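Here the structure is laid out as structure tokens; the discussion comes afterwards.
The values are calculated or read from the model by the stated rules, or taken from the named source; none is laboratory data. All figures in this text were calculated on a predicted structure; none of them were measured in a lab. Cβ: placed from backbone, ideal geometry, glycine included. Neighbour counts: every protein chain shown. With ligands, DNA and RNA removed, areas are computed over all heavy atoms of the protein, side chains included. Shrake-Rupley method; radii C 1.70, N 1.55, O 1.52, S 1.80 Å.
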Amino acid sequence: MKTKKIATYGLLVALAFILSYVETLVTIPFPPVPGMKLGLANLVVLAALYTMGGKESLVLSVLRIVLVGFTFGHPSTMLFSIAGGLLSWILMLLFMKTKWFSLVGVSIVGGISHNIGQILVAIYIVDNINIAYYLPYLLITGAVTGTLIGILGAMIVKRIKNVQNT
Amino acid sequence: MIKKNDLILIGAVIILGLGIIFFINVTKTEGSKVLITIDGKEYDTFPLDEDTTFTVELDNGEYNTFVIKDGQVDMTEASCPDKVCVRHKEIHYNNETIVCLPNNVVLQIIGGEEDEIDAIAK
């Protein structure tokens, strides 16, 4: 592994870790869906996807989920994070390759699919299809937070590319 | 930076979400009972027209307390770490749920056919 790649990995893992921590401090007062998250850590997966590649962003995503699960998170919620993380990674990679959307559109796809992945696991675990009731709310919040994360992500990608090219 | 396709995606997703929410709101009916499910198994049901406070105690020492008041169910206390279920608004329409994922406890509103007829009669 090239030194520059190792350094970028370190940078992004650290950033993902910090953002996940910040996210535990912020509760969004959105009554229909308590426990809603901004998806800040998706910034890092998105940035890795565009600056390092598909495989590297998967490594980062899984590393982040495991690290956070054992520190600020709760092991019982790790399964949800993994389901959401994997589904959003696969779909973001696919949509990035199609070039239909810019980084912002890919981020929205990531935000929404992260929510859908978590809901699917929740339906399976509690064995109650009615949880799907949250889905329309999560579509809307996913579109909004995905857009914001995408705009921020584009800024981060620009800066990482500056570092990579020096 | 942002492409036209991105805007179409944002618009389509928001319209789809609002459409489903609208559909749910138009078709929802008042429930008459609350069903408690633990680990996917039915545990007990309570009528909504009797005010009561009940604590579900799990074998592993975890607990969830809910209150039935004025025909509505609200989770007021829980041993779970995230307290998402406690922050959830009170429920009373059919098929509405309050889920405590860490404890795998689900409150679900059921059995509203009679109320539905009443509502139409009114």
Checklist entry - Which are the unpartnered cysteines of the protein assembly as shown, meaning those with no other cysteine Cβ under 4.7 Å from their Cβ? => result B:C80
Next on the checklist: As a test question: what accessible area, to the nearest 10 Å², does B:K3 have when a 1.4 Å probe is rolled over all protein chains in place?
Outcome noted: 80
Checklist entry - To the nearest 10 degrees, how steeply does helix A:3-25 sit against the main Cα axis of chain A, on a 0 to 90 scale? => result 30
Next on the checklist: If you fit an axis through the alpha-carbon atoms of helix A:75-98 and take the longest principal axis of the Cα set of chain A, what angle between them do you get, 0 to 90°, nearest 10?
Outcome noted: 60
Item to check | Principal-axis tilt of helix A:103-126 within chain A, Cα atoms, nearest 10 degrees | outcome: 40
Checklist entry - For chain A, what does -39500 (n - 2.57) per DSSP helix run (n ≥ 4), summed and divided by total residues, give at 222 nm, in deg cm²/dmol to the nearest 500? => result -27000 deg cm²/dmol
Item to check | Helix-only mean residue ellipticity at 222 nm for chain B, each DSSP H run of n ≥ 4 adding -39500 (n - 2.57), per residue, nearest 500 | outcome: -9500 deg cm²/dmol
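If you rank B:T37, B:T52 by how much accessible surface each has, with a 1.4 Å probe, what is the order from largest down?
Result of the area sort, largest leading: B:T52, B:T37.
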Checklist entry - How much accessible surface does B:H88 have with a 1.4 Å probe, in Å² rounded to 10? => result 10
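Per residue, how much accessible area does the range A:118-166 show when a 1.4 Å probe rolls over the protein heavy atoms, in square angstrom?
Working: 2470 Å² over 49 residues.
Averaged over the residues of the range A:118-166, the accessible area is 50 Å².
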Checklist outcome for this item: For B:R87, the accessible surface traced by a 1.4 Å probe with all protein chains present amounts, in square angstrom to the nearest 10, to 110
Checklist entry - How would B:D6, B:D74, B:D44 rank on accessible area, largest to smallest, probe 1.4 Å? => result B:D44, B:D74, B:D6
Checklist entry - Tell me, what HN-Hα J-couplings in whole Hz come from the Karplus equation 6.51 cos²θ - 1.76 cosθ + 1.60 at θ = phi - 60° for each residue of the range B:68-80, using x for Gly and Pro? => result 9, 8, 6, x, 10, 10, 9, 7, 9, 8, 7, 8, 5
